[in-house]
Amino acid sequence: MKHSPVVSLINRRTLLRQWSAGAIGLMFVSGKLPSAIAAEESRLLVHSKAPMNAEPPLPDLVRSWVTPVESFFIRSHGNTPEINADSFRLSVEGLVETPLRLSQAELSRFEQHAVTATLTCAGNRRTEHSRFKPIKGVQWREGAIGNAKWRGVKLSDVLKKAGVREAAKHVWFEGLDSVEDGGKTFAFGGSIPLEKALLDRDVVPGALLATTMNDKPLTADHGFPVRMVVPGYIGARSVKWLSKIVVSDRPSPNHFVADVYKLVDEGTLLEVAENAPIYRMPLNSAICTPTAGAALKPGRVEIAGYALPPGVPGVAIRKVEVSADQGRSWVDAKLTSPASEFCWQLWSADVAVNSATKELILRAIDSRGEVQPETVRWNAKGYLFNAWHHVPLKVS
Ligand code: MTE
């Protein structure tokens, strides 16, 4: 994809300078990376190294529909565990007829399926929430999202083998990492309704136990040797370093299901207790190039970005619109990538800008006719920010 020559990619030296000056809480990966990716190959901007939280510069995201691993965001709450694949076992327990303990070799004997699916963090675009009122947590820009080709075993096949009991309603996942929170140390966990686990649609499984990402074994940062991938759901449900699957009659009591990843105004215990966990990802979109603050000459500018359909089965992106005049008129963007369930679509648009242009505004519309909201309600954790995307420009 061609980018406007006036758009400059974030440059390593500038970023380091800004970071050391405290201007932004990000820096480029340097030195040893706790994954198979060599530091010089990684394009990520690091929010924190322990735990590892990093996102790509936005222009990198629109280079290809499938995001290369070196440009794929990393969101970890604890350490990146080193796992011996030979002694690794995945247990399947709870409301099942036959509990299982599966080695890698046993997992590889299940029928293998590939699916391309977008993973996005519920906290993507948190910085925009934080502008209204500061929010604690990783200050994600618009890059906590990526689209990858995953390969592995359908969760429904594993559950079939174990035999799900009548009372089952939810499936819990547990990782091998250690998260420290509130003076306690525990593993990251997630859970999904049993209906989702069993909802295999055409080529898209309800959930996949993935062992490869873009045709290579998962890297340590992305969950080696096995992770969940739950297409259409927020990234938090796609548990990495998967060690345990529990079939239950209720959602997981894990902190990241019971307390975190919920929409709350203040975050009081009552609110947390009253609200359900977030599952689906929302309709969303962002301009990836030009980036905020870009200096442009009056004339035509090529802009590009992503649009994400909501995690509702069968719903796709219908339209992406850009405005260069504060929403008075809108230009249709061209969808430039494949459309596939629970995957983002890349788009580009050719827009005229002049000295009166202060910003570009973007919104996506889905196949049900639902428009991305102009504004969203602030929430204490800064989740699911999906308001129209504004990119300020300097045109002179
Ligand atoms: N799984 C474990 N075990 N530990 C984690 O911290 N983070 C979750 C999810 N799975 C997490 C996890 C969150 S919040 C997201 S958004 C995705 O992993 C990110 O996946 P990635 O790092 O491969 O991009």
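Coupling constants for region 86-91 follow from the phi torsions by the Karplus curve (6.51 cos²θ - 1.76 cosθ + 1.60, θ = phi - 60°), and in residue order they are 6, 8, 4, 9, 9, 9 Hz; glycine and proline get x.
Within region 81-139, which GluC sites (Glu not before Pro) sit in a loop by DSSP and count at most 11 neighbouring Cβ atoms inside 10 Å? Before the final figure, lay out each step's value.
Values: sites: 82, 93, 97, 106, 111, 128; in loops: 82, 97, 111.
Qualifying residues, ordered by number: 82, 97, 111.
Once backbone amide H atoms are built at 1.01 Å from N, residue 281 has 233, 234, 311 as its partners under 5 Å, excluding neighbours fewer than 5 places away on the same chain.
Filter 169/381; 133/394; 160/244; 133/262 down to the pairs with a C-alpha to C-alpha distance above 21 Å, please. Violating the 21 Å Cα-Cα cut-off are 169/381; 133/394. For region 140-186, applying the loop criterion from DSSP together with a ceiling of 13 other beta carbons within 10 Å to the GluC sites (Glu not before Pro) yields 166.
By count of other Cβ within 10 Å, fewest leading, how are 317, 365, 74 ordered?
Ranked by crowding around the Cβ, least crowded first: 365, 317, 74.
Treating the beta-carbon of each Lys and Arg as +1 and of each Asp and Glu as -1, no other charges, what is the dipole magnitude of the chain about its Cα centre, to the nearest 20 debye? Write down the numbers at each step before the final one.
Working: 48 positive and 40 negative charges, 153 e Å.
For this selection, approximately 740 debye.
Distance between the pseudo-spin-label points of residue 356 and residue 258 (7 Å out from Cα toward the beta carbon): 5.8 nm.
Taking the Cβ of residue 230 as the centre, find all other residues whose Cβ is under 9 Å away and add up their charges (Lys, Arg: +1; Asp, Glu: -1). Can you show the working numbers first?
Values: positive: 196, 237; negative: none.
Net of charged neighbours comes to +2.
Neighbours of residue 252, meaning other residues whose beta-carbon lies under 15 angstrom from its beta-carbon, give a summed charge of +2 when Lys and Arg score +1 and Asp and Glu score -1.
When only alpha carbons are used to place a centre, region 111-147 and region 360-396 end up 14 Å from one another.
Going by how many other beta carbons lie within 10 Å of each one, how would you line up 140, 344, fewest first? Working shown, then result.
Details: 140 26, 344 29.
With the fewest neighbours first, 140, 344 line up as 140, 344.
Note that region 366-382 has calculated 3J(HN,Hα) couplings of 9, 5, 8, x, 6, 9, 3, x, 5, 9, 10, 6, 5, 9, 4, 9, x Hz, one per residue in order, obtained from phi through the Karplus relation 6.51 cos²θ - 1.76 cosθ + 1.60 (θ = phi - 60°); glycine and proline are x. Mean separation of Cα pairs under 8 Å and 6 or more residues apart, divided by the residue count, gives the chain a relative contact order of 16 percent. Here the dipole of region 248-290 is about 260 debye; that uses its Cα centre as origin and unit charges on the Cβ of Lys and Arg (positive) and Asp and Glu (negative). For 306, 233, the sequence from fewest to most other C-beta atoms within 10 Å is 233, 306. Taking θ as phi - 60° and the Karplus parameters 6.51, -1.76 and 1.60, the scalar couplings of region 222-227 work out to 9, x, 3, x, 9, 9 Hz in sequence order, x denoting glycine and proline.
Please identify every one of the GluC sites (Glu not before Pro) in region 259-291 that sits in a loop by DSSP and has no more than 14 other beta carbons within 10 Å of its own beta carbon. Let's see the in-between values first.
Values: sites: 266, 271, 274; in loops: 266.
Listed in order of number, the matching sites are 266.
Comparing 295, 340, 285 along the charge dipole axis of region 284-395, the residue lying farthest to the positive side is 295, per the Cβ-charge model.
Computed over region 90-274, relative contact order equals 26 percent, with contacts defined as Cα pairs under 8 Å that lie 6+ residues apart. For the chain, the convex hull spanned by the alpha carbon atoms encloses 143 Å³ per residue.
Principal axis analysis of the Cα atoms in region 284-395 yields extents of 43, 35, 22 Å, listed in decreasing size.
Read-outs: derived from the displayed coordinates by stated rules, not from any lab. Quick caveat, the model's predicted, so the values are computed rather than measured. Glycine also receives a Cβ, built like all others from the backbone with ideal geometry; neighbour counts cover every protein chain displayed.
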